[in-house]
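Bear in mind that the values in this text are calculations on the coordinates, not laboratory data. Nothing here was measured: the structure is a model prediction, and the numbers come from that model. In this analysis, Cβ positions are derived from the backbone assuming ideal geometry, glycine residues included, and neighbour counts consider all displayed protein chains.
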Amino acid sequence: MQQLIVYIHGFQSSPQSAKALLTRAYFTEHYPEVRLATPQIPCYPLAAVKLLEHLVSQYPDWKIGFIGSSLGGYLSTYLANKFGGKAVLINPAVKPFELLEDYSEELVQPYTGEKFTLSAEHIQQLQALEVLEFTQPKRYWAMLQTGDETLDYRQAADKYAQAKLTIEQGGDHSFVGFKNHLPAIADFLLKDDG
């Protein structure tokens, strides 16, 4: 069966981020037969989800996996829950709608230069994507570092307690040493174990 991996970057990030580039390089070298998609995610939640759902829907008979960082982890959780497949979540946001509700001023996406403002409606759209109950928690792997300066890793440790869980001491929000985990990430996403 053909396989698609979708790498979903975090808030204010890009397919040009260090983790996205490392992921692309690893899969290109070791799994050239796997299609890796690293889309630029729109700044607004509804547009982001529509883009990702459209992307996934183009591969109806493929085995699909997700790698999501921060807000991308939140979106990956939603997509894996909706479409099936597995998801690896790197320092995932658990309740991003709570974190972003204070962002009322105009923001600039640092990679694209797009200016945008998050309204209460956008925050509600984001909250509507929350997965409250996992039907198959073992399809998720949450990778957390306790030194994450942006998110409280304990929220994700609680949310993904029934999933595969890696908690490393120290580190930061970017997930220090991510490259070293890519072989295990690929194995988790690509192996057939139901």
- request: Report the calculated FRET efficiency for residue 172 and residue 22 (r = Cβ-Cβ distance, R0 = 22 Å), to the nearest 0.05.
  value: 0.90
query: By how many degrees, 0 to 90 and rounded to 10, does the Cα axis of helix 178-190 deviate from the longest principal axis of the chain?
result: 60 degrees
- request: Compute the length gained on full extension between residue 127 and residue 61: take 0.36 nm times their separation in residues and subtract their Cα-Cα distance, giving the result in nm to one decimal.
  value: 20.8 nm
field: Sum of side-chain charges, residue 137 neighbourhood, beta-carbon under 12 Å (Lys, Arg +1; Asp, Glu -1)
entry: +4
- prompt: Taking Cα pairs under 8 Å and at least six residues apart, what relative contact order does the chain come out at, in percent?
  reply: 21 percent
statement: Sorted by chain and then number, the residues having a modelled amide H within less than 5 Å of the amide H of residue 67, at least 5 places away or on another chain, are 6, 7, 8, 88
query: Over the chain, what is the percentage of antiparallel beta bridges among all DSSP beta bridges, to the nearest 5?
result: 10 percent
statement: To the nearest 10 degrees, the tilt of helix 71-83 (Cα long axis) against the first principal axis of the alpha carbons of the chain is 60 degrees
field: Dipole magnitude of region 3-190 about its Cα centre (Cβ charges: Lys, Arg +1; Asp, Glu -1), debye to nearest 20
entry: 740 debye
query: How many nm is it between the label spots at residue 103 and residue 83, if each spot is 7 Å from the Cα in line with the beta carbon?
result: 2.3 nm
query: By average Cβ neighbour count within 10 Å, what is the ranking of 172-180, 71-79 from highest down?
result: 71-79, 172-180
- prompt: Over what distance in Å are the Cα centres of region 137-182 and region 1-36 separated?
  reply: 19 Å
query: What angle, in degrees between 0 and 90 and rounded to the nearest 10, separates the Cα long axis of helix 18-30 from the longest principal axis of the Cα atoms of the chain?
result: 20 degrees
